[in-house]
Amino acid sequence: RLDELDIRVQDDRSEGEFVRRMWWRATVGLPDDPLIHTLAAVYVTDLYGVDPILQMHGYSMADRTHRSGTTDSSIWFHQPVRADQWNLLESRSPAASRGRGVMTASLVRADGLIAATLVQEGMIADR
């Protein structure tokens, strides 16, 4: 848990696949520099992006029973993002097995515009 972030999570399995909806915003003052807001978004999406892969393996970051890490990550920004406003990271893991997986996501701004598209590969291992 990071005190500098307000995070709200909703996990959904109603359609037969795991979908993570994570609303987040910075709770500390940030300069009005677009690069700082973009970097904050990169940090948040990388830090929490691997959790859908863990979920597909039956684990969670909250369990702290496994180590996880990003092995590859790409983010395409389509619109500017403000880290001090609510953003939605909607992610899923379409493929996961043998301790590896891929996560795809959209980063949606408070006004509903898609700010970024993400793909992340991660790995998990027993502690």
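Brief remarks on what is shown
- Of the residues making up the stretch 6-26, just one is free of Cβ contacts under 8 Å to residues at least 60 places away in the same chain and within 15 Å of V81 (Cα to Cα), namely A26.
- Across the stretch 1-14, the qualifying residues are those that are assigned to a loop (DSSP other than H, G, I, E, B) and over 16 Å from Q55 (Cβ atoms), and the one among them that is most open to solvent (accessible area, probe 1.4 Å) is R1.
- Comparison of D46, D111 shows that the only residue that is modelled with pLDDT of 85 or more and over 12 Å from the mean Cα position of the chain (by Cα) is D111.
The values are calculated or read from the model by the stated rules, or taken from the named source; none is laboratory data. Not measured: the values here are computed from a predicted model. So basically every Cβ, Gly included, is an ideal-geometry build from the backbone, and we count neighbours across all protein chains shown. Note: accessible area is taken over every heavy atom of the protein model, side chains too, but ligands, DNA and RNA are not part of it. Shrake-Rupley method; radii C 1.70, N 1.55, O 1.52, S 1.80 Å.
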